[in-house]
Amino acid sequence: MAVSIRLQRFGAKKRPFYRMVAADSRAKRDGRFLEQLGTYDPMSNPPAIRFNTERLEYWLSVGAQPTDTAASLIRRHRRTTPAVDQAAQA
C-alpha cells in the first residue's frame, strides 16, 4: 500500500477549506483516509495552515509521499513556524 499525504476539499462553492490527510494513494480524493494531519484555509488572510507536526513527521518518516501542493504547504508551514527546542520541553 502506497501512502500519500494530500488535501481533501471541503467547504462551500467558491469557499474552499482543506484537510491534509494521510491516505492510500488508490483512495478517492475526498474518500477514505488513514489519519487527518491538519487543515488549510486559503480564504483567511493570511491563509491559515495548521498541522499536527509530530504525526506529519511520522508519516513522512515511514515513506508517505506528499503531493506537490501538500509539499508546498509543508515547506511554507516549516518556514513560518519557529522550531521548538526539545530541551525546553523536557
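Computed from the coordinates by the stated procedures, all read-outs in this text should not be read as laboratory data. Computed from a predicted structure; not experimentally measured. All Cβ positions, even for glycine, are placed from backbone atoms using ideal geometry, and neighbour counts span all protein chains on display.
Computed quantities for the displayed model
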item	result
Count - residues of region 30-61 that are over 11 Å from Ser4 (Cα atoms) and in a loop (DSSP other than H, G, I, E, B)	10
Qualifying residue in region 37-60 (condition: small (Gly, Ala, Ser), surrounded by 14 or more Cβ atoms within 10 Å (Cβ to Cβ) and out of contact with any Leu (no Cβ under 6 Å at 6 or more places or on another chain))	yes
